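Read-outs: derived from the displayed coordinates by stated rules, not from any lab. It should be emphasised that the depicted structure is a prediction, and the values quoted were computed from it without experimental measurement. When we count neighbours, we look across all protein chains shown, and the Cβ atoms used for this are built from the backbone with ideal geometry, even at glycine.
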């Protein structure tokens, strides 16, 4: 080290050469060790610089990958939303067309065509609703099918309840004449509308089957039986005519699809305007085969019984 310092200070080489001969062997070894250590330090410093550069490159690659993943998720979300929006637009378009066609068909009293159109619209609405749900619910929906209007459910049958997103078990038999189904879910019993019940594709015992005994028209009003239940009764009292008529149409549509034989429309007496408006509307309704005042014990002229077509 001393020789290196002397050389750095500008001592002549011949002087340095002579001086080196006077150095002991230990001093020369020390200089060599220090020189090796200096070279090792420089090598380590160079490698550290290389590692730092590679680390910066790796961090930059990580940031780029994260950015690309975020963009991919955003693009996927946009594509899914476009698909959902397209289905919603189709449903709205179908609703508009259906309203126009339904009005024309009602005027012509083509009830079966109205039912088919209503069924198609419900199917589109179902697709739109499913597209908004999570993958688990979509998977369950794909394994099940809507309950057909004439289907009979039996105790112990497994069903899927679409609004609850849960599987349940039928507690009591339920035929097409009933509007609700009693189901056991998680140890508790609940009653749900039939249209919210779906059956598993592997269990079609109830699909398309009807209850044993009389047909759906066995209790036709013409036979003199007018069984009244909460499910086949619509209370219109207190409503304006313009507000009541859409409710009547929706109610008749739902009960007709459920193959109910007749319904009860409670309008009361009042000024008579609501009763007159409802009965005038029923004259042109494709759902009404005929209608008449209820027997005195069931409300008399304040209630109209409608025999469904």
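Compute the length gained on full extension between residue 158 and residue 78: take 0.36 nm times their separation in residues and subtract their Cα-Cα distance, giving the result in nm to one decimal.
Here the segment from residue 158 to residue 78 would lengthen by 25.1 nm.
Can you bin the stretch 221-308 into rounded, prolate or oblate? Criterion: square roots of the alpha carbon gyration tensor eigenvalues sorted a ≥ b ≥ c, rounded for a/c under 1.5, prolate for a/b above b/c, oblate for the rest.
Since a/c reaches 1.5 but b/c is at least a/b, the shape of the stretch 221-308 is classed as oblate.
Relative contact order (percent) for the stretch 221-308, with alpha-carbon contacts under 8 angstrom and 6 or more residues of separation?
Answer for the stretch 221-308 is 32 percent.
Ranking 77, 173 by Cβ neighbours within 10 Å, fewest first, what do you get?
77, 173
Let me have the relative contact order for the stretch 143-200, percent, based on Cα pairs under 8 Å that are six or more residues apart.
Relative CO of the stretch 143-200 lands at 39 percent.
In nanometres, what is the gap between the two model label sites at residue 167 and residue 86, each 7 Å from Cα along Cα-to-Cβ?
3.3
Beta carbons within 10 angstrom, averaged per residue: use that to sort the peptides 296-302, 234-240, 249-255, highest first.
249-255, 234-240, 296-302
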